[in-house]
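Everything on this sheet refers to the single structure shown next.
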Amino acid sequence: MEDGVQAMRDYLAGLDIASPEHQVLMNVTAKSEVAPSIIKEISHYT
């Protein structure tokens, strides 16, 4: 699973994620987010 996590981190690091128009509900935390840095960081948790 670690290989997949690292691959996702590497992929997300290359993306420019802008602020969303609507809040994004994060599956890991069950909280709404609008900050691109937080969305990018917790999008790959397992």
- I42 versus (1) touching a Phe, Trp or Tyr at 6+ places or on another chain (Cβ under 9 Å); (2) free of Cβ contacts under 8 Å to residues at least 40 places away in the same chain: which is the lone unmet condition? (1)
- Of all residues making up region 1-33, the number that are at pLDDT 85 or above, hydrophobic (A, V, I, L, M, F, W, C), out of contact with any Ser or Thr (no Cβ under 6 Å at 6 or more places or on another chain) and outside any helix (DSSP H, G or I): 6
- Task: Answer yes or no as to whether I38 is at pLDDT below 90, in a loop (DSSP other than H, G, I, E, B) and under 10 Å from the mean Cα position of the chain (by Cα).
- Result: no
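The values are calculated or read from the model by the stated rules, or taken from the named source; none is laboratory data. Everything quoted here is computed from the prediction, not taken from an experiment. Note that each Cβ is placed from the backbone with ideal geometry, even for glycine, and that neighbours are counted across all protein chains shown.
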